[in-house]
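Visitor: Quick one: the structure is below, and I'll ask about it shortly.
The values are calculated or read from the model by the stated rules, or taken from the named source; none is laboratory data. Since we're looking at a predicted model, the values are computed, not measured. Positions of Cβ are generated from backbone atoms using ideal geometry, with glycine treated the same way; all protein chains shown enter the neighbour counts.
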Amino acid sequence: MPENLFLGVGSDEAIDALLRSFCVPGRDKILVCPPTYGMYTVSAHTNDVSLVSIPLLPAPTFGPDVPALSAALAADPTIKILYLCSPGNPTGSLIPPADIIGLLNHKTYNGIIVVDEAYIDFAPPSSSAAPLVTAYPNLVVLQTLSKAFGLAGVRLGAAFAAKEVAGLMNALKAPYNISTPTSILASAALSKEGIAEMESSRAQIVKQRERLVAALPSIKGVGRLRGGEAANFLLFEILNQKGEPDNKVAKGVYEKLAVGRGVVVRFRGTEFGCLGCLRVTVGTEEEVSRFLSEIGKVVEEVWGEVGA
């Protein structure tokens, strides 16, 4: 329903609007679960809001540590927002619905739980928590046109929330900041034809994702898949010659792929639980073929250079 909707200049505006709606600068806190999307921290710093971090459970599940989260929410009334990412970025893991509902039913926590679903269109059907917003006034679900719809440059994100929460966020919003071109492109993307085009593109991405999951572990120097398979990217270990995940090797592979081959992946080895990991976005069939043909050769080149 319209009264449950906030539209912003990307999901980042919704992240910021929630902080301005529910947190008092210099006093309140948000709770994040690394490894996760970095904008929660950026917005907190911008708004003079402190951070509490409780890491996700170890790979490969990368699920929320529900007992630790529940204890933190009970112990500190200045925590006003819990940000969860599902599918996770950079993990690609979905949060089980039971975990979300359990946190929503917390007996003493009086704040907001945000589920960021930027990559939800790549997950199995019915994975979204959005239908829960009418039953739980303390839930906000974020989505965007930037990922599956390929419209990152349009800058349009949405928050689904109880009407009171959506109303508060909309009251803080700058007037007229969704442009006419953005509105036209968003309407086209969400038309019957636009949805069909997105679903066709998604099917190809899922096919290539499955191909990467099957092929990468057999390539020398590539280790385990460390996250889930619910996004348009995968989190894989890069190994040294001893067969151990290695940040020096992974960063060298990342740099060599980008500079020498024009293949751009993301180095994520410095994030919690991601030692030696690269985040590999799923491309077209041709792009995936090129990546698979290059990755093993580049790993061996880096081994020779760093002596790992």
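Visitor: Can you pull out every residue in the range 282-297 that is under 25 Å from Gln204 (Cα atoms) and either more than 23 Å from the chain's Cα centre (by Cα) or surrounded by fewer than 17 Cβ atoms within 10 Å (Cβ to Cβ) (or both)? Steps first, answer last, please.
Guide: Step one: filter the range 282-297 for residues under 25 Å from Gln204 (Cα atoms), giving 282-296.
Within the range 282-297, Thr284, Glu285, Glu286, Glu287, Ser289, Arg290, Leu292, Ser293, Glu294, Ile295, Gly296 meet the criteria.
Visitor: Right, here's the next one. Among the residues of the range 33-59, count how many are touching a residue at least 12 places away in the same chain (Cβ under 8 Å) and either within 13 Å of Asp12 (Cβ to Cβ) or over 16 Å from the mean Cα position of the chain (by Cα) (or both).
Guide: Final tally of qualifying residues: 15.
Visitor: Okay, next question. Return the residues of the range 234-247 that are closer than 15 Å to Glu300 by Cβ and either surrounded by fewer than 17 Cβ atoms within 10 Å (Cβ to Cβ) or in contact with a Lys or Arg (Cβ under 6 Å, 6 or more places away or on another chain) (or both); say none if nothing qualifies.
Guide: Matches in the range 234-247: Gln241, Lys242, Gly243.
Visitor: Here is a further query. Give the residues of the range 130-142 that are touching an Asp or Glu at 6+ places or on another chain (Cβ under 8 Å) and surrounded by fewer than 23 Cβ atoms within 10 Å (Cβ to Cβ), sorted by residue number.
Guide: Residues satisfying the conditions are Ala130, Pro137.
Visitor: Give, as residue ranges, the strands (runs of 3 or more DSSP E) completely inside the range 147-249 that count at least 2 residues that are assigned by TED's automatic domain parsing to the domain that holds Gly273 and either closer than 26 Å to Pro64 by Cα or out of contact with any Cys (no Cβ under 6 Å at 6 or more places or on another chain) (or both).
Guide: 222-225, 233-238
Visitor: To continue, here is another question. Conditions: (1) surrounded by fewer than 18 Cβ atoms within 10 Å (Cβ to Cβ); (2) at pLDDT 95 or above; (3) of a type in the set (D, E, K, R). Arg261 meets all but one. Number of the miss?
Guide: Answer for Arg261: the failing condition is (2).
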